[in-house]
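Everything below concerns the one structure shown next.
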Amino acid sequence: MIRSAVRGVGSSLPRRIMTNKEFEKLVDTSDEWIVQRTGIRQRHIAAEDETTASLGEAAARAALADAGLTPDDIDLIVLATSTPNNTFPATAVEIQERLGMRHGFAFDMQAVCTGFVYAITTADHYLRGGTAKRALVIGSETFSRILDWSDRTTCVLFGDGAGAIVLEAADGTGSAAERGIIASALRSDGSQKDKLYVDGGPSTTGTVGHLRMQGREVFKHAVGMITDVVENVLEQAKVTPEDIDWFVPHQANKRIIDASARKLGFADEKVVITVDLHGNTSAASVPLALDHAVKQGKIKPGDLVMLEAMGGGFTWGATLIRW
Ligand code: ACO
């Protein structure tokens, strides 16, 4: 039986850090309101020369270095993003070109903040099905380009960045004790699309549009959706919350993370938090948090790691990995 094992992880952040204080000059807000309601203290904002492709490439190179591999060793790239460099071609193929890869295949995946969980699950299926041997799974976003910088209810929440992992097909028996992706659950519900969306696109307005969100409505649904998929994955893997070493949630809001962890029974010290440093980086948030936790010496080989995300659509999903 083939399992997709994690070989390496890496990330990349734009040079510029923007603090909450700076928003006080742009909109009617305060550092105190942002910290209290969201847990966010700062975020990184991309300069003109920093794009979803350049950040994604840097994260991919970092993950390859961590894995001790080169682009020649990779035969699949799945990029999770809602902020591609161009409407087409896929930004994944631009990253493929930047890495100097002339073989294999690459494509983008769009599930907003759940993008990385969708992408890792998709890559897992390609590896287990034998279509590819090693995959780069990247989450890269420049949400700063689709924010309405005059709307205080959204502009303070998001940031830019990228994270990546290298997955490798490995032989095993299918036991939860073996390294790799053990189980995943994906969901979506298009009836909720008006709660979180971008008000433009190629086929409608012909523009890129701006992010619009009914924050309170999203908040109301978030904990239920997160616990739904995490409990599904725990059940599939026949493990309990106590067995989980690290809970790596999508980093949208510290209050949503705390409420979900409490409901699921994950102890505070097992929860990885980076929302204070990065804000909500959409599809990049989970791999950025993973890399942060690995670099801090928290996540170690053999640990049981639960990933989870929810976002526009709505979409939501969870993945369990033996690191
Ligand atoms: N500064 C100051 N006041 C503000 C700000 C701000 N930046 N933004 C909103 N307010 C005001 C509101 O106008 C409102 O004022 P009013 O009572 O006079 O109308 C008041 O603060 C309270 O607003 P709420 O929306 O009720 O505040 P809430 O506690 O719900 O926090 C927040 C808002 C942070 C957006 C929260 O609802 C949230 O995190 N929602 C979920 C967002 C999320 O998880 N998104 C994830 C998916 S992202 C993706 O997929 C792309």
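Among the residues of the range 288-318, which ones are farther than 17 Å from ALA176 by Cα and part of a strand (DSSP E or B)?
Answer for the range 288-318, where residues must be farther than 17 Å from ALA176 by Cα and part of a strand (DSSP E or B): GLU308, ALA309, MET310, GLY311, THR315, TRP316, GLY317.
Would you check if ARG212 is in contact with a Leu (Cβ under 8 Å, 6 or more places away or on another chain) and among the basic types (Lys, Arg)? Before you say what the answer is, go through the steps one by one.
Numbers: in contact with a Leu (Cβ under 8 Å, 6 or more places away or on another chain): yes; among the basic types (Lys, Arg): yes.
When the stated conditions are applied, ARG212 passes them.
Between residues in the range 82-100 that are assigned to a loop (DSSP other than H, G, I, E, B) and residues that are among the basic types (Lys, Arg) and away from the ligand (no atom under 16 Å from the Cβ), which pairs lie under 7 Å by C-beta distance while being six or more apart or on different chains?
Within 7 Å, no pair qualifies.
Please go through the range 109-160 and give me each residue that is of a type outside the set (Phe, Trp, Tyr), free of Cβ contacts under 8 Å to residues at least 60 places away in the same chain and away from the ligand (no atom under 16 Å from the Cβ), ordered by number.
THR122, HIS125, GLY129, THR131, ALA132, LYS133
Return a yes/no flag: does the range 26-43 have any residue that is within 17 Å of the chain's Cα centre (by Cα), closer than 30 Å to ASP124 by Cα and assigned by TED's automatic domain parsing to the domain that holds VAL93.
The answer is no, given that none of the residues of the range 26-43 is within 17 Å of the chain's Cα centre (by Cα), closer than 30 Å to ASP124 by Cα and assigned by TED's automatic domain parsing to the domain that holds VAL93.
Please indicate, with yes or no, whether at least one residue in the range 15-33 is away from the ligand (no atom under 16 Å from the Cβ), of a type in the set (Asp, Glu) and in contact (Cβ under 8 Å) with a residue 24 or more places away in the chain.
If we filter the range 15-33 for residues that are away from the ligand (no atom under 16 Å from the Cβ), which is where we start, we get 15-17.
Now restrict to residues that are of a type in the set (Asp, Glu): none.
Checked against the condition, which is being away from the ligand (no atom under 16 Å from the Cβ), of a type in the set (Asp, Glu) and in contact (Cβ under 8 Å) with a residue 24 or more places away in the chain, the range 15-33 yields no hits at all.
Restricting the search to the range 34-54, which residues are of a type in the set (D, E, K, R) and either out of contact with any helix residue (DSSP H, G or I) (no Cβ under 8 Å at 6 or more places or on another chain) or more than 9 Å from the ligand (Cβ to nearest atom) (or both)?
Taking the range 34-54 first, the residues of a type in the set (D, E, K, R) are 37, 41, 43, 48-50.
Selection gives ARG41, ARG43, GLU48, ASP49, GLU50.
Do we have GLY180 as under 30 Å from LEU26 (Cα atoms), away from the ligand (no atom under 14 Å from the Cβ) and touching a strand residue (DSSP E or B) at 6+ places or on another chain (Cβ under 7 Å) here? Can you show your working first?
Details: under 30 Å from LEU26 (Cα atoms): no; away from the ligand (no atom under 14 Å from the Cβ): yes; touching a strand residue (DSSP E or B) at 6+ places or on another chain (Cβ under 7 Å): yes.
Criteria not met by GLY180.
What number of residues within the range 256-312 satisfy the criterion of being farther than 22 Å from ASP243 by Cβ and touching a residue at least 24 places away in the same chain (Cβ under 8 Å)? Show your work before the answer.
So in the range 256-312, the residues farther than 22 Å from ASP243 by Cβ come out as 256, 274-285, 287-288, 291-292, 295, 310-312.
Now drop any that are not touching a residue at least 24 places away in the same chain (Cβ under 8 Å), which leaves 256, 275-285, 287-288, 291-292, 310-312.
Counting residues in the range 256-312 that are farther than 22 Å from ASP243 by Cβ and touching a residue at least 24 places away in the same chain (Cβ under 8 Å) gives 19.
I'd like the full set of residues that are touching a Lys or Arg at 6+ places or on another chain (Cβ under 7 Å) and away from the ligand (no atom under 15 Å from the Cβ), limited to the range 309-322.
ARG322
Scan the range 293-302 and tell me whether some residue there is touching a helix residue (DSSP H, G or I) at 6+ places or on another chain (Cβ under 8 Å) and farther than 27 Å from ILE2 by Cα.
Taking every residue of the range 293-302 in turn, none turns out to be touching a helix residue (DSSP H, G or I) at 6+ places or on another chain (Cβ under 8 Å) and farther than 27 Å from ILE2 by Cα.
Restricting to the range 214-244, name every residue that is farther than 25 Å from THR319 by Cβ and in contact with a helix residue (DSSP H, G or I) (Cβ under 8 Å, 6 or more places away or on another chain). Before the answer, list the steps.
Keep residues of the range 214-244 that are farther than 25 Å from THR319 by Cβ, which gives 214-217.
Matches in the range 214-244: GLN214, GLY215, GLU217.
Out of all the residues in the range 298-308, is one or more under 30 Å from THR19 (Cα atoms) and within 16 Å of the ligand (Cβ to nearest atom)?
yes
Go through the residues of the range 94-101 one by one and say whether even a single one is of a type in the set (Lys, Arg), in contact with a helix residue (DSSP H, G or I) (Cβ under 7 Å, 6 or more places away or on another chain) and not assigned by TED's automatic domain parsing to the domain that holds LYS193.
Residues of the range 94-101 of a type in the set (Lys, Arg): 98.
Pick out the ones that are also in contact with a helix residue (DSSP H, G or I) (Cβ under 7 Å, 6 or more places away or on another chain) and you get 98.
From what is left, the residues that are not assigned by TED's automatic domain parsing to the domain that holds LYS193 are 98.
The answer is yes; a qualifying residue exists.
The values are calculated or read from the model by the stated rules, or taken from the named source; none is laboratory data. Only a predicted model underlies this, so the values are computations on that prediction, with no experimental measurement involved. Positions of Cβ are generated from backbone atoms using ideal geometry, with glycine treated the same way; all protein chains shown enter the neighbour counts.
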